[in-house]
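Right, one structure below, let's go through it.
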Amino acid sequence: MRPSGFLFLAFCLMAVALTSGCARKMPATDGLVTMAVLDARVENGETRKSTAGWWLSARDRYDSGNAGVLAGEALAREFGRIPGVQVYSRTDLTAFMASKERVLNQIYPGLTPEERLVVLQMQDPLDYGRALNVDYVLSSQVGESRTVHDKTLHTWKSEADLELSLVEVQSGDEVWRWSGQDTDWFTSQLGVLEDLARKARRDLSGQLILEPNRP
């Protein structure tokens, strides 16, 4: 982020909060809980390859800059399987976030695409939940998502960690939090994120009964 720091970021966040974009609001549906699943924030959002070790201990490491989107898609699919839960359309959510980014670009044309993404991800998830007219909003953060290839044995493993927060939009309260880490051999980073999403869905289903909370 540019040198103007937190004050500049505050103005950017204000611009995002005060403009509704082109949200397709989800109508209230009798008996169904509506939920928006946001893309995950990524601790290191760059795609990169690095090599560690030497000769027999050499390993290639691949970090995915797309892990936030992959996590969001996996979580949306899994949480949409919870009986009585209707997940906000990912296509409509992508269009909504793109409209927010266009607003930022118009107001602050000097921001890079990476800086615009940071601003959008730092916006309070509750603001997005209210704009989309849903009962709950699920936000998440990926700490690590990588694949490690052993160049000697030609084996590979993928690992990721994920932290989730579910907020009830009407009250603004966080009603559930979960974190997990997983490592699997001979699978992709998407496969690991899907495993974590399944574990999170089972945890939520076993702990909390979700109910529509809009008047």
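Side notes on the structure shown:
- Members of the range 115-144 found to be open to solvent by 30 Å² or more (accessible area, probe 1.4 Å) and β-branched (Val, Ile, Thr), listed by number: Val118
- Given (1) over 23 Å from Val192 (Cα atoms); (2) out of contact with any Phe, Trp or Tyr (no Cβ under 9 Å at 6 or more places or on another chain); (3) open to solvent by 30 Å² or more (accessible area, probe 1.4 Å), index of the condition Glu168 fails: (2)
- Of all residues in the range 61-76, those that are in contact (Cβ under 8 Å) with a residue 40 or more places away in the chain and part of a strand (DSSP E or B) have Cβ atoms under 6 Å from Cβ atoms of residues that are buried (at least 18 other Cβ atoms within 10 Å of the Cβ) and among the basic types (Lys, Arg), 6 or more apart or on another chain, in Arg61/Arg146; Asp63/Arg146.
- Filter pass, Asp184 being charged (D, E, K, R) and within 18 Å of Thr147 (Cβ to Cβ): yes
- Scope the range 86-101; condition over 14 Å from Val118 (Cα atoms) and either in contact with a Ser or Thr (Cβ under 7 Å, 6 or more places away or on another chain) or touching a residue at least 40 places away in the same chain (Cβ under 8 Å) (or both); matching residues: Gln86, Val87, Tyr88, Ser89, Arg90, Asp92, Leu93, Ala95, Phe96, Ser99
- Single match in Thr147, Thr112, Thr155 (criterion: touching a strand residue (DSSP E or B) at 6+ places or on another chain (Cβ under 9 Å) and either loosely packed, with under 15 Cβ neighbours inside 10 Å or farther than 22 Å from Leu193 by Cβ (or both)): Thr155
- Residues of the range 102-137 classified as free of Cβ contacts under 8 Å to residues at least 24 places away in the same chain and touching a Phe, Trp or Tyr at 6+ places or on another chain (Cβ under 6 Å), total: 0
- Scan of the range 93-109 for residues that are assigned to a helix (DSSP H, G or I) and open to solvent by 40 Å² or more (accessible area, probe 1.4 Å), ordered by number: Thr94, Ala95, Met97, Glu101, Arg102, Asn105, Gln106, Ile107
For every residue, the table says whether it meets (1) closer than 30 Å to Glu211 by Cβ; (2) open to solvent by 70 Å² or more (accessible area, probe 1.4 Å); (3) within 14 Å of the chain's Cα centre (by Cα); (4) at pLDDT 95 or above.
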position: Ala52; (1), (2), (3), (4): no, no, no, no
position: Leu56; (1), (2), (3), (4): no, yes, no, no
position: Arg59; (1), (2), (3), (4): no, yes, no, no
position: Tyr62; (1), (2), (3), (4): no, yes, no, no
position: Val69; (1), (2), (3), (4): yes, no, yes, no
position: Gly72; (1), (2), (3), (4): yes, no, yes, yes
position: Glu78; (1), (2), (3), (4): yes, no, yes, yes
position: Pro83; (1), (2), (3), (4): yes, yes, no, no
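The values are calculated or read from the model by the stated rules, or taken from the named source; none is laboratory data. Note that the structure is a prediction, hence the values are computed from the model and not measured. With ideal geometry, Cβ positions are generated from the backbone for all residues, glycine too; neighbour counts draw on all protein chains shown. Note: areas computed on protein heavy atoms with side chains; ligands, DNA, RNA excluded. Shrake-Rupley method; radii C 1.70, N 1.55, O 1.52, S 1.80 Å.
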